[in-house]
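Data first, discussion second: the structure below is written as structure tokens.
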Amino acid sequence: MDAAPPGAPDAGRAQRELAAALHLDPAQVLLTAGGSAANNLALSRARGHVISQPTEHPSVLRALEALEAGGVEVEFLPVDRRGAVAPAALARALRADTSLVALMHGNNETGCLQPIPALAAALRGHPARLHVDAVQTAPWFDVRPGTLGADTVSVSFHKLGGPPGVGALLGRRPPAAPSLPLTPDVLAGVLAAWAARRPHVAAEVADSRDRLQAALAARVPGLTVHAADGPRLPGILSVSCAGVNGDALVLELEASGIAVGTGSACASGDPAPSHVLRALGVSAAAARASLRFSWESPLPEAVVERIVETYARGVERLSSLG
């Protein structure tokens, strides 16, 4: 058989080289067209009874809706006020026909981290597969299936600064699922993105989050910080101030050069209040007032001060308008 011409897409080489970088067997790496595609593949074989949580990424929620339409029973576990699932609740929900548990590792809106190893332990001895959406956490933590105790893990390389449209399903790959072919240039970008992961700065980025949170709380009366009482992603801070329109506040901040969003980036343009915050018991009005700050590197103190002053001025001005 003739060799592929230079620059031609190559699935096998990409799979082998990425597996080597992740210290996994090539059979445990399936390249996909992004994190959502990896989630869809992981959920596609579920039958009988499936367990998840209401704060999942929209790609998982849509896949679960499709499963329900096909006759699968989907059960959403309750989350506590910061969005975490209790391992004991998972253990109680398991049934003989439970085939899959799908849980997001780190929430893309609030930053809440699920206790995945403890949840995996609650599944021990049961045949159900555990799928973990680790798109948000891959930049900061070791998200390989063996570390988390999961059967499959989805990642997306654009979240690591790599090329868009490339993700991976790690772990037990679906039968006959083809791996996405990559050109050498795209493969080089994927490998560089994985090598540039930032676990070494996670503590500093989390310190920035805590400094910004404390300064906002001190400066803005009535500020609510979502998912604050527990482990969170280092570079996400979700806050709201009752009675203040979140969209208007975004405009105030962006006019000062501060990038911020209402709710998750994936739901931008959706006028409905955040399904994540509503699942945490946040009112519709407070959910609409929520803002999500996100960053990838430690914030200088001058930047923290500018964010706080701009946010506080915006809240004061919008509150005065009634």
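The values are calculated or read from the model by the stated rules, or taken from the named source; none is laboratory data. Keep in mind it's a predicted model, so treat the numbers as computed, not measured. With ideal geometry, Cβ positions are generated from the backbone for all residues, glycine too; neighbour counts draw on all protein chains shown. In case anyone asks, the SASA skips ligands and DNA or RNA and just uses the protein heavy atoms, side chains included. Shrake-Rupley method; radii C 1.70, N 1.55, O 1.52, S 1.80 Å.
Odds and ends about this structure:
- As a calculated quantity, the FRET efficiency between residue 217 and residue 118 at R0 = 41 Å, using C-beta atoms, amounts to about 0.90.
- Using θ = phi - 60° and Karplus 6.51 cos²θ - 1.76 cosθ + 1.60, couplings along the range 148-163 (whole Hz; Gly, Pro as x): 7, x, 9, 7, 9, 9, 9, 9, 9, 7, 5, 5, 9, x, x, x
- Length gained on full extension, residue 73 to residue 92: 5.2 nm, using 0.36 nm per residue less the C-alpha separation.
- Residue 198 exposes around 40 Å² of accessible area when a 1.4 Å probe is run over every protein chain in place.
- Surface accessible to a 1.4 Å probe, residue 17 within the full protein complex, Å²: 70
- Average Cα contact separation per residue, the range 1-153, under 8 Å, 6 or more apart, as relative contact order %: 19
- Adding -39500 (n - 2.57) for every DSSP H run of four residues or longer, then dividing by how many residues the chain holds, sets the calculated 222 nm ellipticity at -11000 deg cm²/dmol.
- Helix 11-22 vs. the chain, principal-axis angle (Cα, 0 to 90°, nearest 10): 60
- Dividing the mean sequence gap of close Cα pairs (under 8 Å, 6+ apart) by how many residues the chain holds gives a relative contact order of 20 percent.
- For the options 138, 203, 177, a Gaussian network treatment of the chain with springs between C-alpha atoms closer than 10 Å singles out 177 as fluctuating the most.
- 0 to 90° range, to nearest 10: angle between helix 184-195 axis and the chain longest Cα axis: 60
- Sequence of 278, 129 from largest to smallest accessible area, 1.4 Å probe: 278, 129
- Angle of helix 246-255 to the longest C-alpha principal axis of the chain, folded into 0 to 90 degrees and rounded to 10: 90°.
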